[in-house]
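Asks: Can you keep this structure in mind? I'll have questions shortly.
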Amino acid sequence: MRVLCRYTLIMLFAGIYFGNSQVKIGDNLQLIDPSSLLELESSTRALVLTRVNENQMSAITPLNGALVYNTDAECIFMYSGDSWRNLCETNNINAIANNGLSLINGNSVQLGGQLIRPTTIQTDATNTLSLNGIQTTNDIDPMFLVLDSNNTITQITRSSLIQKDESVIIASDGQNQFTTPQTITNINNIDVYRNGVKINFSAVGPNLIELQSNIICFDNDEIRIVQIQ
């Protein structure tokens, strides 16, 4: 009975809580995350790793993932593969970059790379997104962002998006068919004027229009065809 009581007191003094193969040491022993095997909780005490010097550490061959505090290097070391790695050295950090990020010189992550999944950049009225360094212009025409032939984002004016061709033809007496400046892809993008007055027409070929039958041209009538693509 004395042995049992002594064991119970030791366990209480150590502050260890066992439950379903889980261990918690420190404060709030009754609260342990279901996924934890071992939990430490304290606002006044800290976990102190095994403290060894360089020679002592080198003599230890533990499992991968073992940690010690090297008193000579004043840093934490982790055992990986067949050697101890200094966690204070940046070249021992195995950085991973993907989805629009690139790894430079093994330890520097920079913006730029291939996306590997659908990606959204969420903005709001306060947290906005700005792109600096895009080609600019002093043109007062409204600007648009487009991808150029090199897949580079650049600015262009609205007028440069619209390709407009215009031809002026001096008609002969009775002429009712005229050639358009461009291949006809949408008849609604063509306007035809006779002596400055807009008139109706129909398309009769890839580059040919015909005036309505009630419209008669005379010698030296000016036919102006405006086509937008």
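Asks: Suppose we filter the range 67-85 for residues that are surrounded by 14 or more Cβ atoms within 10 Å (Cβ to Cβ) and of a type in the set (S, T, N, Q); how many remain?
Replies: Residues in the range 67-85 being surrounded by 14 or more Cβ atoms within 10 Å (Cβ to Cβ) and of a type in the set (S, T, N, Q): 1 in total.
Asks: Quick one: ILE184 ticks every box in (1) surrounded by 15 or more Cβ atoms within 10 Å (Cβ to Cβ); (2) within 30 Å of LEU131 (Cα to Cα) bar one, so which box is it?
Replies: Here ILE184 meets the rest and fails (2).
Asks: Please go through the range 86-114 and pick out each residue that is open to solvent by 100 Å² or more (accessible area, probe 1.4 Å) and at pLDDT 85 or above.
Replies: Matches in the range 86-114: LEU111, GLN114.
Asks: Restricting the search to the range 133-149, which residues are of a type outside the set (Val, Ile, Thr) and at pLDDT 75 or above?
Replies: Those that are of a type outside the set (Val, Ile, Thr) and at pLDDT 75 or above: PHE144, LEU145, LEU147, ASP148, SER149.
Asks: I'd like the full set of residues that are more than 14 Å from ASP82 (Cβ to Cβ), polar (S, T, N, Q) and outside any loop (DSSP other than H, G, I, E, B), limited to the range 50-69.
Replies: ASN55, GLN56
Asks: Which strands (runs of 3 or more DSSP E) sit wholly inside the range 188-229 and have at least 2 residues that are open to solvent by less than 70 Å² (accessible area, probe 1.4 Å)?
Replies: 190-194, 201-205, 208-211, 222-228
Asks: A further question follows. Would you mind finding the one in LEU47, LEU63, LEU38 that is at pLDDT 90 or above, open to solvent by 100 Å² or more (accessible area, probe 1.4 Å) and touching a Lys or Arg at 6+ places or on another chain (Cβ under 8 Å)?
Replies: Of the residues listed, the single one that is at pLDDT 90 or above, open to solvent by 100 Å² or more (accessible area, probe 1.4 Å) and touching a Lys or Arg at 6+ places or on another chain (Cβ under 8 Å) is LEU38.
The values are calculated or read from the model by the stated rules, or taken from the named source; none is laboratory data. None of the values given here were measured: they were computed from a predicted structure. A quick note on method: Cβ atoms are made from the backbone with ideal geometry, for glycine too, and the neighbour counts reach across all protein chains shown. Please note that ligands, DNA and RNA were not included when accessible areas were found on the heavy atoms of the full protein model with its side chains. Shrake-Rupley method; radii C 1.70, N 1.55, O 1.52, S 1.80 Å.
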